[in-house]
Protein chains: 2
Amino acid sequence: MKRVSFADMDCTIARTLEIVGEWWSFLIVKQALYGTTRFGDFQAELGIARNVLSQRLKRLVEVGILAREPDQQGSKYPEYRLTQKGVELATPLIAMMQWGDRWEPPADGPPIEVISAGSGAPLGPLELHDQEGNRLGLGDLGYRRLRPKRAVR
Amino acid sequence: MKRVSFADMDCTIARTLEIVGEWWSFLIVKQALYGTTRFGDFQAELGIARNVLSQRLKRLVEVGILAREPDQQGSKYPEYRLTQKGVELATPLIAMMQWGDRWEPPADGPPIEVISAGSGAPLGPLELHDQEGNRLGLGDLGYRRLRPKRAVR
């Protein structure tokens, strides 16, 4: 598979994939949302090879999604914590989880549910509204070009 | 980069990425949402190599995200149309677009906006609510395990 760069494509989905679409990166961010902060814990939870994990963590720090910080307990190992930019990836990740729960569930059902930390109530489906607050369904959407498309290559 | 399978991971985000996370697949689904149906149009709009496009379309048909149908105008070329399973990928794609528009915008701004096809009003940010309808912020979320984690490898 030829690996091209999406960075210069005139599409913000492509630009998002360019920085988190590398194999494993979304799952590392997911694991960070679940509260994992240490290299060894990412490794154990995800079953990812150490060299790949090391590359991906470095890249996620470079692009400002994770911050590498001294361990709060004082060990020599750093902790990786999501920045605001990283935390906001929760929305695409939850959208992927809800789609996977519905269309590609494991035989024994989804392993994790997203909840309100305060009340414990499960999260409902992500909702679409227009800017005036009117609820929209997927069949109600259109796509408007805001400016001429730039040539890419 | 070693390419492992996410299919057996006990995580529905991983299972989603296994079937649409291949380089280009999300962008092909995005292009189908914008209304593209023909091989040549996907090729021209995305600037993707023909052999890669051919592989990805075949895979997206196999997993039930696209349906391959005779051209409605009667040409010999098939059309590729999103199934309901495919249409519902709009939510993760819009979530990635909103994240990219905010955190990785092109210098001349986002190229496309999602709108209400009926009123033309722009889409607002995707919203999180619990199942009782209470609005939640990203800082309000928790993650609850529904069953013991299965060993993967």
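Rule-based calculations on the coordinates, nothing more; no lab input. Quantities reported herein were computed from a predicted structural model and do not represent experimental measurements. Neighbour counts run over all protein chains shown; Cβ positions are idealised from the backbone, glycine included.
Against the numbered list (1) more than 18 Å from the chain's Cα centre (by Cα); (2) under 30 Å from A:ALA49 (Cα atoms), B:CYS11 comes up short only at (1). Of the strands (runs of 3 or more DSSP E) lying entirely inside the stretch B:27-121, the ones with 2 or more residues being at negative phi and surrounded by 17 or more Cβ atoms within 10 Å (Cβ to Cβ) are found at B:78-82, B:112-116. Residue-level check: of (1) closer than 26 Å to A:ASN134 by Cβ; (2) surrounded by 14 or more Cβ atoms within 10 Å (Cβ to Cβ), B:GLU132 misses just (2). Taken over the stretch B:122-134, the criterion of being touching a residue at least 12 places away in the same chain (Cβ under 8 Å) and assigned to a loop (DSSP other than H, G, I, E, B) is satisfied by B:PRO125, B:LEU126. Residues in the stretch A:13-47 that are among the charged types (D, E, K, R) and under 18 Å from A:MET96 (Cβ atoms): A:ARG15, A:GLU18, A:GLU22, A:LYS30, A:GLU45.
Output yes when any residue across the stretch A:54-75 is in contact with a Cys (Cβ under 9 Å, 6 or more places away or on another chain) and either of a type in the set (A, V, I, L, M) or over 16 Å from B:THR12 (Cβ atoms) (or both), and no when none is. No, there is no match, as no residue in the stretch A:54-75 is in contact with a Cys (Cβ under 9 Å, 6 or more places away or on another chain) and either of a type in the set (A, V, I, L, M) or over 16 Å from B:THR12 (Cβ atoms) (or both). Taken over the stretch B:135-153, the criterion of being in a loop (DSSP other than H, G, I, E, B), more than 7 Å from every other protein chain (Cβ to nearest Cβ) and free of Cβ contacts under 8 Å to residues at least 24 places away in the same chain is satisfied by B:GLY137, B:PRO148, B:ALA151.
On the stretch given as the stretch B:1-20, residues that are at the interface with another protein chain (Cβ under 7 Å from one of its Cβ atoms) and of a type outside the set (D, E, K, R) total 8.
Can you pull out every residue in the stretch B:60-75 that is of a type in the set (Gly, Ala, Ser) and either without any contact (Cβ under 8 Å) to a residue 12 or more places away in the chain or within 9 Å of chain A (Cβ to nearest Cβ) (or both)?
Scanning the stretch B:60-75 gives B:GLY64, B:GLY74, B:SER75.
In the stretch B:108-124 there is no residue matching the filter, namely being over 24 Å from the mean Cα position of the chain (by Cα), farther than 15 Å from A:ALA90 by Cβ and more than 7 Å from every other protein chain (Cβ to nearest Cβ). Quick check: anything in the stretch A:76-86 out of contact with any His (no Cβ under 6 Å at 6 or more places or on another chain), among the aromatic types (Phe, Trp, Tyr) and facing chain B (nearest Cβ under 7 Å)? There is no residue in the stretch A:76-86 that is out of contact with any His (no Cβ under 6 Å at 6 or more places or on another chain), among the aromatic types (Phe, Trp, Tyr) and facing chain B (nearest Cβ under 7 Å).
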